[in-house]
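Some notes on the structure that comes next.
What follows draws every value from the coordinates through simple rules; no lab data is involved. These numbers come from a predicted model, not from an experiment. Here Cβ is always computed from backbone atoms with ideal geometry, including for glycine, and neighbour counts include all displayed protein chains.
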Amino acid sequence: MTEHEPAPNRSAAAPDGGAGLPENAAGTSSPVEDGSAPRLADPDAVDTSLRSPAQRSRTFAGILVNTALANITTSYLWFALTFWVYLETRNVIATGVIGGAYMLLIALSSISFGTFVDRYRKLAVMRFAAGFTLVMFMLSGIMFLLTPNARLLDLTQPWFWIFALIILIGAVVENMRNVALSTTVTILIDPDRRANANGMVGMVQGLAFIVTSVLSGLSVGLLGMGWTVVVAVVLTALAFVHLLTLRMPEEVRVAATDAHGAFDLRGSLAAVVAIAGLFALILFSTFNNFIGGVYMALMDPYGLEMFPVELWGAVFALGSTGFIVGGALIGKFGLGANPLRSMLLAVIVMGFLGAVFTVREWAWLYIAGIWLYLVLIPVVEAAEQTVIQQVVPLHRQGRVFGFAMAFESAAAPITAFLIAPIAQFWIIPYARSSEGAAELAPLLGEGISRGIALVFLIAGIIMIVAALLAFLTPVYRRVSASYTEAAAKVQGTPNTASSSSG
């Protein structure tokens, strides 16, 4: 990212972490004279008059397709690693630790991701992330080639964990692109179409789920882990080269921002608390990640006990078509007048699905539950993104999205780290014992995975209760009012540089 200098440090000008910046500030600073605070000289860092809305939409589509290819590649290698280690070890602790470590690394790094997105041009951030991921995936391939398979799969030795960590770091840094993608919606898409654009993001992510679940299962089952890494390296290289061909002239320069350093936690917090109820919105989104941690640790083991690995990949792909349907519906119809209300209703239904889709060990019930659950995920994600894009100025959006990603991602590793060993050593053995099977049979039926089903049931009930309580809070009314007020301000207003930034 050295081709673009970051916006000058605003710590002297904004000791509050950025709350002193004008809401429509989007320019660079004039030179500092005699040690005085920098002055905002040019508020037009974003110029949407350069091209028509249709041309901007085509650029966004190109960025979206490129991000989809990168996400497909990352998910492909990530799914394959999870499948491979479980099939070779039959140890849910290993899958739980891998999944939890992935989300924990995202949580620890997302503040930095948001800071860099605010300080640098968005395409420069995306190119850096793509190049870094390519290097890490290449290193993982070299390590797999040089390490004997028996040593690599010995969980008591460091080699597997180093191998997994290299892949995880590459996959985590790729997520920097997703933070930048959310800000490109603000830059390129008119305010009244942003919910629809966020729905398209969800639809593309669903396509990535379908492709990767099929490819990962087939790849591990037919090609092995070594060739899977090779395929991931090739696809990552293709995405990187394509990204170099994209241009976004609307961002004429880096937006003026109070972001400073590489980990602007103070500025991120200030950006979040500056908007009434925004922290509560992030809490609402975290509800979804609570049950997500349970699924991360146990969904693949449940599916792999029910299906062969090659078939499980295809089954999950079938269920993942729900992601496309959900994103397409939002792309067509939007989220209604109150996206936050739509989010909480979706969370309630997701909790119900999580509680019931394994009450019997029936393949059709599991597939249908996955499909319906994934229909609703784009609603939750698009609702949060749409509200943030509407109420947060552009020069702070990177850190707000990064803070949200950090906070929400932290929920999943907590549940994954807790649930995996509890399920492995207590719940699953209890459910498979004669006494436990007899006690659970009236509620959850019979089968070898009744312990996992019990965990899903409890997590789903907690999810429902949390979302229902959120509806009763005054914060819910404040966030809804803030969104409505911000939406009213942009009604009939041209999408100028100022309006693009907030």
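Couple of notes before you dig in:
- Global geometry of the stretch 84-163, whether rounded, prolate or oblate, following the gyration tensor of its Cα atoms and the 1.5 cut on a/c: oblate
- Placed amide H near Ser449: partners under 5 Å, 5+ positions off or other chain: none
- Remark: spin-label model distance Leu469-Val65 equals 4.7 nm, labels positioned 7 Å along the Cα→Cβ axis.
- Derived scalar couplings ³J(HN,Hα) [the stretch 344-359; Karplus, 6.51 cos²θ - 1.76 cosθ + 1.60; whole Hz; x for Gly, Pro]: 5, 4, 5, 5, 4, 5, 5, x, 5, 4, x, 7, 10, 7, 10, 5
- Ordering 467-479, 434-446, 383-395 by mean Cβ neighbour count within 10 Å, with the highest value first, yields 383-395, 467-479, 434-446.
- Using R0 = 51 Å, the C-beta based FRET efficiency linking Arg90 and Arg478 works out to 0.55.
- Spacing of the modelled spin labels on Ala150 and Val234, each 7 Å from Cα toward Cβ, amounts to 3.2 nm.
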